[in-house]
Every structure is written in C-alpha cells, then in structure tokens.
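A.B. asks: Got a structure here, written out as structure tokens. Questions coming.
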Amino acid sequence: AQSVTQPDARVTVSEGASLQLRCKYSYSATPYLFWYVQYPRQGLQLLLKYYSGDPVVQGVNSFEAEFSKSNSSFHLQKASVHWSDSAVYFCALLNTGNYKYVFGAGTRLKVIA
Amino acid sequence: NAGVIQTPRHKVTGKGQEATLWCEPISGHSAVFWYRQTIVQGLEFLTYFRNQAPIDDSGMPKERFSAQMPNQSHSTLKIQSTQPQDSAVYLCASSLSSYEQYFGPGTRLTVL
C-alpha cells in the first residue's frame, strides 16, 4: 500500500536560515510527487511537482525539492527562509492507478526573527 | 483565472440540520475532488468526478453524505442530519491533467 510520511510535525527556523522539510514515500510504481503549502485559513497551493527526469525540481518562491529513488524521499529545501514562509507544508503522492492523492500529515513551519 | 471557488467560506449548522457546500472548478478542468481536513485525521479524500461522472466515492460516509456534479461549472457536497463530528474544513480541488490538483480556499463547517 502507498503511504507518505512527514516525520517532523513542527519545524522552527530563524529567518534567513536554510530549510529542509523531510518527506518519505512508499509506492510500488513510479511516484508522482508534490509539495503543497497551506497558509492560515486558505486552501493548499502547489509549490512544485516531480514526475520524472532531473531529480531536483524548482518550484515557486525559491523552493526546490530533490527526489531520491534509493531513499524513497522527496525532501523540500529552501536556501534562505522568510517570515512569510511560516505555514503548513504537505507532501503528496499521486496513485496513478486511481488518480487519488495520498497526503502526508503535514509539517508546520515557524520562521522566527 | 479566478481559481477554484468555494462557497460559503464558513457555515454553522445545528445538529441534525442539512448543509450544502458548493464548488466551482477552474474553467476547463475536467476533474473535481472533495476532501475533508481535520486536525486529528488530516486530509481525507471523499469523492471525485471526471467529466461530471462520479468516479470514486470510497471516502464518503455512506449514510449522510452525498455529492453531485450537475454541470461542468459546479459540484455540491451535501451533508444531511449534520453531527458535531462533521465539523471540519471541506476542500474542493480541480484538475486538468489528472495529475496536479488545484485547491479552493475551503468551507469551514461548524456543527453545534
């Protein structure tokens, strides 16, 4: 069965510091992977996606993610965070058999001054 | 492009009343998905439509929940006899390619 694990429920970083949010997946076929961000009282916004090819994908707002098949991971990174990046981040996997997303539990990011 | 529109943004009902939530997908998108989000359960899939046809409703509580998509421009999620445990944020998403989904802002349902 497919699953997505985000091991860190909460992450706190200082403004200007680098960031990595972890995502591990379990899926028997080629994974289609996504990162979404949810700001307070809003829906989920797509940050980036990976289907195939270059394992490092660029997204909006200077986010990037690196896919690793050997580690079954799709970690989100940013070189320098801003206070406005404070939000909840969700990693998702698309089951290409039924086109349903499997979401991780989310990581709440807090950026402090 | 206005994005996915959900109305109302907030709804408060009394226990036992009916709640109808509306979703207008992005124009041209052929798939519509409904999710429920709670702190305890996270994001739960409810149901989805493709080209207005129901494809998968495996996440829908069978007795009181129903969803329809009568035309390309809107879908509804109806909850009959609402219970306090139905309190959640209900998210609608639409998709053009079946891969990436675009989410609306959600409807926060509070059942008193």
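A.B. asks: Within the range A:67-87, work out how many residues are open to solvent by 10 Å² or more (accessible area, probe 1.4 Å), within 10 Å of the chain's Cα centre (by Cα) and not polar (S, T, N, Q).
C.D. replies: Result for the range A:67-87: 1.
A.B. asks: Restricting attention to the range A:15-22, does a residue exist that is farther than 30 Å from B:Ser58 by Cβ, more than 10 Å from chain B (Cβ to nearest Cβ) and in a strand (DSSP E or B)?
C.D. replies: Yes, the range A:15-22 contains at least one residue that is farther than 30 Å from B:Ser58 by Cβ, more than 10 Å from chain B (Cβ to nearest Cβ) and in a strand (DSSP E or B).
A.B. asks: Looking only at the range B:70-108, which residues are within 22 Å of B:Val40 (Cβ to Cβ), part of a strand (DSSP E or B) and in contact with a Ser or Thr (Cβ under 6 Å, 6 or more places away or on another chain)?
C.D. replies: B:Ala88, B:Tyr90
A.B. asks: Could you check A:Asn71 against (1) in a loop (DSSP other than H, G, I, E, B); (2) within 14 Å of another protein chain (Cβ to nearest Cβ) and say which number it fails?
C.D. replies: Failed condition: (2).
A.B. asks: Next question, about the same structure. Which ones in the range B:1-55 are touching a Phe, Trp or Tyr at 6+ places or on another chain (Cβ under 6 Å) and among the polar types (S, T, N, Q)?
C.D. replies: Residues satisfying the conditions are B:Thr7, B:Thr47.
A.B. asks: Output yes when any residue across the range A:92-105 is part of a loop (DSSP other than H, G, I, E, B), within 14 Å of another protein chain (Cβ to nearest Cβ), in contact with a Leu (Cβ under 6 Å, 6 or more places away or on another chain) and open to solvent by 10 Å² or more (accessible area, probe 1.4 Å), and no when none is.
C.D. replies: Scanning the range A:92-105, I find no residue that is part of a loop (DSSP other than H, G, I, E, B), within 14 Å of another protein chain (Cβ to nearest Cβ), in contact with a Leu (Cβ under 6 Å, 6 or more places away or on another chain) and open to solvent by 10 Å² or more (accessible area, probe 1.4 Å), so the answer is no.
A.B. asks: Let me ask something else. Looking only at the range B:82-106, count every residue that is touching a Lys or Arg at 6+ places or on another chain (Cβ under 7 Å) and either basic (Lys, Arg) or facing chain A (nearest Cβ under 10 Å) (or both) and tell me the total.
C.D. replies: So the answer is 3.
A.B. asks: Could you check, for the range B:23-38, whether at least one of its residues is basic (Lys, Arg) and open to solvent by 60 Å² or more (accessible area, probe 1.4 Å)?
C.D. replies: No: zero hits.
A.B. asks: Kindly provide the set of residues from the range B:34-64 that are within 24 Å of A:Gln42 (Cβ to Cβ), at pLDDT below 95, part of a strand (DSSP E or B) and of a type in the set (A, V, I, L, M), ordered by number.
C.D. replies: Of everything in the range B:34-64, just one residue is within 24 Å of A:Gln42 (Cβ to Cβ), at pLDDT below 95, part of a strand (DSSP E or B) and of a type in the set (A, V, I, L, M), namely B:Leu43.
A.B. asks: Pick from the range A:39-66 the residues that are assigned to a strand (DSSP E or B) and within 12 Å of chain B (Cβ to nearest Cβ): which of them is surrounded by the most Cβ atoms within 10 Å (Cβ to Cβ)?
C.D. replies: Filtering the range A:39-66 for residues that are assigned to a strand (DSSP E or B) and within 12 Å of chain B (Cβ to nearest Cβ), the one surrounded by the most Cβ atoms within 10 Å (Cβ to Cβ) comes out as A:Leu44.
A.B. asks: Scan the range A:2-12 and tell me whether some residue there is at pLDDT 95 or above and over 30 Å from B:Thr107 (Cβ atoms).
C.D. replies: yes
A.B. asks: Here is a further query. Please work out if B:Ala67 is more than 10 Å from chain A (Cβ to nearest Cβ), part of a strand (DSSP E or B) and modelled with pLDDT of 95 or more.
C.D. replies: yes
A.B. asks: How many residues does the range A:17-36 hold that are farther than 11 Å from A:Val4 by Cα and surrounded by fewer than 21 Cβ atoms within 10 Å (Cβ to Cβ)?
C.D. replies: Of the residues in that region, 8 qualify.
A.B. asks: Of the numbered conditions (1) more than 12 Å from chain A (Cβ to nearest Cβ); (2) surrounded by fewer than 20 Cβ atoms within 10 Å (Cβ to Cβ), B:Gly42 fails exactly one; give the number of that condition.
C.D. replies: Looking at each condition in turn, B:Gly42 falls short on (1).
A.B. asks: Looking at the range A:97-113, I want the residues that are in contact (Cβ under 8 Å) with a residue 24 or more places away in the chain and have a partner that is charged (D, E, K, R) and buried (at least 19 other Cβ atoms within 10 Å of the Cβ) with Cβ atoms under 7 Å, at least 6 apart or on another chain. Which pairs are those?
C.D. replies: A:Leu109/A:Asp85; A:Val111/A:Asp85
The values are calculated or read from the model by the stated rules, or taken from the named source; none is laboratory data. As the structure is a computational prediction, the values presented were derived from the model and not from experiment. Cβ: placed from backbone, ideal geometry, glycine included. Neighbour counts: every protein chain shown. We work out accessible area using only protein heavy atoms, side chains counted, and drop any ligands, DNA or RNA first. Shrake-Rupley method; radii C 1.70, N 1.55, O 1.52, S 1.80 Å.
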